[in-house]
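The values are calculated or read from the model by the stated rules, or taken from the named source; none is laboratory data. The structure presented is a predicted model; accordingly, all values stated were derived computationally and were not measured. So basically every Cβ, Gly included, is an ideal-geometry build from the backbone, and we count neighbours across all protein chains shown. Ligands, DNA and RNA are excluded from the accessible area calculation, which covers all protein heavy atoms including side chains. Shrake-Rupley method; radii C 1.70, N 1.55, O 1.52, S 1.80 Å.
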Amino acid sequence: MASQGNTAHEVYYVPESSKLAVCATIGLVLTIFGAASGINDRTFGDPNESTNSWFIFWVGLAFFAATLFVWFSTAIKENIAGKNSAQLKRSYAIGMQWFIFSEVMFFFAFFLALFYIRWFAAPWLAGEGDAGRSNYLLWGDFSYSWPLMETPQDAIGGVANQVMANNGVFSGPERSMAFPGFGEIFKWLPFYNTVILLTSSVTVHWAHHALLHDNRKKFHQWLTVTVLLGVVFVGLQLLEYYEAYAHYGLTLETGAYGTTFFMLTGFHGFHVAMGMIMLLIQLLRSYTKGHFTKDDHFGFAASSWYWHFVDVVWIFLMLVVYIF
Amino acid sequence: MGAHGPAKGLTRWLFTTNHKDIGTMYLWFSFAMFLLGGSFAMIIRAELFQPGLQIVEPEFFNQMTTMHGLVMVFGAIMPAFVGLANWMIPLMIGAPDMALPRMNNWSFWILPPAFALLASTLFMEGGGPNFGWTFYAPLSTTYAPPSVTYFIFGVHIMGLSSIMGAINIIATIVNMRAPGMTYMKMPLFVWTWLITAFLLVAVMPVLAGAVTMMLMDIHFGTSFFSAAGGGDPVLFQHVFWFFGHPEVYIIILPGFGVVSQIIPTFSRKPLFGYDSMVYATASIAFLSFIVWAHHMYTVGMPIAGELFFMYATMLIAVPTAAKVFNWITTMFKGSLTFETPMLFSIAFVFLFTVGGFSGLMLAIAPADFQYHDTYFVVAHFHYTMVAGAIFSMSAAVYYWLPKWTGKMYNETMGKTHFWVSFVGFNLTFFPQHFVGLAGMPRRIPDYNLMFADFNMMSSIGAFIYGASQLLFLFNVVRTITHGEKIDDPKVWDGAHGLEWTVPTPAPYHTFTTPPDVKEVEAHG
């Protein structure tokens with residue numbers, strides 16, 4: 001990063017006043033308010049129409065998405081009009097990099113939860129160490145192993161009649177998604193997902209490489225492959241969830257394993273979907289409007305950084321959620 | 001850039017991309033929240049004026065302690081310093097505006113609805129959040145009122161605002177410094193904000209994670225915080241305080257920066273130990289990530305954990321003491337004058353140090369078993385939050401108000417505000433050390449008769465402190481409407497820095513062409 005600031009004295013483009021932020025605020029607030037009310041089954045106005053909280057949510061979300069669309073097109077048009085100095089482009093790049101860092105920290109919170117449960121909380125519930133010395137009084141025969149197939153509530157029996165839990169009853173899953181050993185690896189869906197996501201990180205790199213050499217055709221080809229790999233990944237992830245709910249008895253409500261499994265893979269899958277949409281938009285921009293040059297392609301570069309980020313998260317996730 | 005000036009009417013504020021407008025909005029919003037959070041505090045102190053239940057129901061008292069904390073931390077202090085950053089960082093580093101002006105406007109405008117959402121929970125069925133500003137599970141999950149969902153989403157929006165604000169500040173400082181403004185020439189306020197912004201980007205997402213886990217536990221059957229499913233309510237505390245401890249430095253570091261600008265000005269000496277100030281700030285930020293469990297000594301951690309967090313916490317005293325030493329040494333043999341900003345700054349150094357000492361006492365794990373959840377803790381963190389963050393904020397407003405408005409505030413009224421605040425503050429919180437050490441628990445609407453005298457003193461002090469803020473408001477408004485006009489770019493004769501090279505009042509656009517930073521004009 002150029003640490004001396006603006007040595008060329010070029011003009012830094014400060015946009016005129018803009019309605020974008022206020023529109024985005026309205027969209028976001030409606031979305032949030034609708035979601036919070038919908039989750040609580042609150043309704044407004046006509047009491048016979050029970051879905052109007054979610055109606056607020058969808059209207060807000062649509063308005064928010066439309067605003068973001070206009071916002072990004074405004075930024076793109078400004079760049080095409082030549083308003084963006086090299087310095088302003090650096091601001092965008094710095095912004096994206098720190099946004100990705102904030103996403104890393106969001107995942108960190110959920111990894112922290114997983115580690116804490118696996119290394120401390122659940123072993124203590126099984127009576128290990130000083131901290132767990134009295135837990136056998138509460139949780140009887142609970143013994144710790146990971147994946148947690150039997151919850152502490154299972155261990156003391158009669159789960160259906162208990163409301164000892166803070167927020168419900170938890171009964172362990174029948175099967176887990178854990179690594180089945182190398183003999184079975186080809187029947188194991190996460191293996192394919194790993195291959196797909198790692199490959200897509202390479203193909204997006206090749207797309208970038210092609211763009212840097214002004215090879216538009218190859219750029220489109222590799223970017224299309226990347227987006228398709230993303231689609232397949234998300235599809236397989238949904239298939240895995242279907243399997244979990246339909247055949248494994250593994251749900252969000254099956255205790256700590258189900259909780260951490262779905263939350264980590266779920267947020268990751270959501271981020272893959274976002275990254276895929278971002279890359280798809282870059283593809284369409286290049287394909288239909290001929291955006292990007294070999295020296296100026298921030299939209300694509302930022303999306304590819306994001307894509308590499310979801311890839312790195314997957315590697316950690318693969319290791320601690322599925323394998324170890 | 002075009003010469004677009006301020007638009008007329010309300011749309012100027014709604015659609016603005018100007019860092020000064022946005023800074024102004026942040027400052028007024030945070031002051032409104034300060035009065036709201038303060039009125040909650042007045043209700044708390046009115047109830048605690050005498051033992052027994054007099055004015056409010058315990059359930060409502062819980063909502064007041066919770067909302068007071070939330071509004072003050074997320075609504076008053078944090079946006080106040082973001083407002084200050086918006087106003088001052090571009091002026092101090094010679095930038096034309098913040099790096100991403102439209103996003104800057106968005107960061108501000110999502111805050112008022114977030115707090116409207118939070119405040120509206122008070123009128124919902126079951127009442128507002130009643131589980132303390134730290135919202136420990138299971139109080140905030142299993143036993144929470146239904147409005148907790150609005151609280152959760154409100155926190156998400158506040159977090160989004162903070163993260164975007166912080167990213168903007170980082171991009172501005174890293175990318176928009178004028179030629180010659182190297183990192184080690186930046187004013188200390190800019191340095192402290194750079195580090196604060198890093199902390200914000202690092203921990204606000206963790207807070208978002210914590211409230212997301214709550215949401216999932218409440219509505220979607222997960223068991224993050226339920227032992228029955230293999231989770232642990234203590235997990236909540238770990239995640240929360242992983243955010244929460246850096247958060248307290250997010251609140252105080254910009255205050256350190258403010259005081260490091262003001263003390264040299266009124267001592268007419270350069271800041272003593274500039275480099276060590278930078279390194280001390282960075283060290284504090286680093287240490288803030290490895291001390292979070294000192295908030296949880298009594299929760300049942302293994303002894304190794306207690307010891308680690310105890311020693312790590314006590315290490316923070318080292319860089320903090322370096323800072324206090326530097327402030328005092330800056331004043332040593334200076335030609336001191338005691339204008340209102342300087343009074344607040346000196347009080348900051350003195351009272352923040354008191355808060356630091358009580359922090360050291362709380363850091364000692366075995367002793368904390370006695371102090372935990374007593375009024376001693378309340379006294380401790382109000383010495384850092386009020387005498388630290390709010391005093392430095394008051395100092396900042398008096399210091400830069402002439403630059404912002406082109407008018408001088410009334411010095412007599414400013415000094416009156418200071419002395420009334422100083423007396424009111426100490427009368428409120430100093431006795432709380434004693435009742436805390438004697439075992440009075442916090443967050444309870446009633447107390448033992450033996451605490452009656454000190455609590456009455458506390459309440460009287462709180463009313464005095466609260467009233468003094470109205471004087472502050474009056475002084476600021478009167479400055480804007482009737483203040484004595486000044487046009488000297490350098491309002492204070494001992495001031496250094498680029499912000500004093502632009503005309504007074506600061507024009508709508510400054511540094512459209514970056515200045516060449518001379519050696520002497522950087523941090524002084």
Quiz item: Calculated FRET efficiency, residue A:315 and residue B:120, Cβ-Cβ r, R0 41 Å, to nearest 0.05?
Solution: 0.45
Practice problem: Quick one: dipole size for the protein assembly as shown, taken about the Cα centre, charges +1 on Lys/Arg Cβ and -1 on Asp/Glu Cβ, in debye to the nearest 20. | Solution: 2340
Practice problem: Give the cross-link partners of residue B:269 among the lysines, using a straight C-alpha distance below 25 Å as the criterion and excluding same-chain residues fewer than 8 apart. | Solution: B:185, B:323, B:333, B:403, B:415, B:490, B:518
Self-check item: Positive-end residue, the protein assembly as shown charge dipole about Cα centroid, Cβ charges, pick of B:451, B:197, B:424
Solution: B:197
Self-check item: Listed residues B:35, B:509, A:124: farthest to the positive end of the dipole of the protein assembly as shown (Cβ charges)
Solution: B:509
Exercise. Give the Rg (one decimal place) followed by the Dmax (whole number) of the stretch B:20-519, computed from C-alpha coordinates and expressed in Å.
Key: 22.2, 68
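With all protein chains present, how much of the accessible area of the stretch B:20-519 (probe radius 1.4 Å) comes from carbon and sulfur, to the nearest whole percent?
Here carbon and sulfur together make up 72 percent of the probe-accessible area.
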Quiz item: Taking every residue in B:94-106, how many Cβ atoms of other protein chains lie within 10 Å of its Cβ, on average?
Solution: 6
Quiz item: How much accessible area is lost when chains A and B come together, counting both sides, with a 1.4 Å probe, in Å² rounded to the nearest 100?
Solution: 6700
Exercise. Starting from the amide H of residue B:99, placed 1.01 Å from N in the peptide plane, find each other amide H under 5 Å away whose residue is 5 or more places distant or on another chain.
Key: B:172
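Ordering A:188, A:146, A:206 by accessible area with a probe of 1.4 Å, largest first, what comes out?
A:206, A:146, A:188
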Self-check item: Calculated [θ] (222 nm, deg cm²/dmol) that DSSP helices of n ≥ 4 give over chain B, each run adding -39,500 (n - 2.57)
Solution: -21500 deg cm²/dmol
Quiz item: Which net charge results for the neighbourhood of residue B:297, defined as the other residues with beta-carbon distances under 13 angstrom from its beta-carbon, given Lys and Arg at +1 and Asp and Glu at -1?
Solution: -3
Self-check item: By accessible area with a 1.4 Å probe, ligands and nucleic acids excluded, highest first: order of B:345, B:120
Solution: B:120, B:345
Quiz item: In whole Å, how far is the Cα centre of the stretch B:120-198 from that of the stretch B:302-353?
Solution: 24
Self-check item: Three-way shape label, the protein assembly as shown, alpha-carbon gyration tensor, a/c 1.5
Solution: oblate
Quiz prompt | Accessible-area composition of chain A, carbon plus sulfur, in percent [1.4 Å probe] | solution = 67
Practice problem: For residue B:8, list the aspartates and glutamates whose Cα falls under 16 Å from its own Cα; do not include residues on the same chain fewer than 8 positions away. | Solution: A:16, B:21
Self-check item: chain B, relative contact order [Cα under 8 Å, separation at least 6], %
Solution: 18
Quiz item: How about the stretch B:224-264: which of its residues lose at least 30 Å² of accessible area in the presence of all protein chains relative to their chain isolated, using a 1.4 Å probe?
Solution: B:224, B:226, B:227, B:228, B:229, B:230, B:232, B:235, B:238, B:242
Exercise. Roll a 1.4 Å probe over the protein chains and send me the accessible area per residue for chain B in Å².
Key: 32
Exercise. Just tell me, in residue order, which DSSP H segments of chain B are both 27 angstrom or longer along the helix axis (alpha-carbon based) and at least -1.0 in mean Kyte-Doolittle hydropathy.
Key: B:19-47, B:148-175, B:188-219, B:233-267, B:340-363, B:411-437, B:452-482
Self-check item: Complex-versus-alone comparison for the stretch B:1-43, residues with a loss of 40 Å² or more in accessible area, probe 1.4 Å
Solution: B:1, B:4, B:15, B:17
Self-check item: Accessible area in square angstrom per residue, the stretch A:19-148, 1.4 angstrom probe
Solution: 50
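Please tell me the relative contact order of the stretch B:238-333 in percent, rounded to the nearest whole number, where contacts are Cα pairs under 8 Å and at least six residues apart.
Numbers: 77 pairs, mean separation 39.7, N = 96.
Computed value for the stretch B:238-333: 41 percent relative contact order.
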Quiz item: For the stretch B:20-519, with the dipole built from +1 on Lys and Arg beta-carbon atoms and -1 on Asp and Glu ones, taken about the Cα centre, which of B:93, B:65, B:260 lies farthest toward the positive end?
Solution: B:93
Exercise. Can you check what the net charge comes to around residue B:222, using other residues whose Cβ is under 14 Å from the Cβ of residue B:222 (Lys, Arg +1; Asp, Glu -1)?
Key: -3
Exercise. Could you tell me which of rounded, prolate or oblate describes the stretch B:205-311, using a ≥ b ≥ c as the square roots of the eigenvalues of the alpha-carbon gyration tensor, with rounded for a/c under 1.5 and, failing that, prolate when a/b is larger than b/c and oblate otherwise?
Key: prolate
Exercise. For residue B:407, list long-range residues whose amide hydrogen, built 1.01 Å from N in the peptide plane, is under 5 Å from its own amide hydrogen.
Key: B:486
Quiz item: Ranked from highest to lowest mean number of other Cβ atoms within 10 Å per residue, what is the order of the peptides A:101-113, B:189-201, B:326-338, B:306-318?
Solution: B:189-201, A:101-113, B:306-318, B:326-338
Quiz item: Which far-off residues, 5 or more places away or on another chain, put their amide H under 5 Å from the one on residue B:374, with H placed in the peptide plane?
Solution: B:442
Quiz item: In the neighborhood of residue A:152, defined by Cβ-to-Cβ distances under 11 Å, what is the net charge if each Lys or Arg adds +1 and each Asp or Glu adds -1?
Solution: -4
Quiz item: Any residues in the stretch A:107-128 that have 10 Å² or more less accessible area with all protein chains than in their chain alone, probe 1.4 Å, and which are they?
Solution: A:108, A:109, A:110, A:112, A:113, A:116, A:117, A:121, A:124, A:125
Quiz prompt | R0 of 30 Å, Cβ-Cβ distance residue B:7-residue B:470: FRET efficiency to nearest 0.05 | solution = 0.40
Exercise. Report, ordered by chain and residue number, the lysines lying within cross-link reach of residue A:89, taken as a straight Cα distance under 16 Å and ignoring same-chain residues fewer than 8 apart.
Key: A:77, A:294
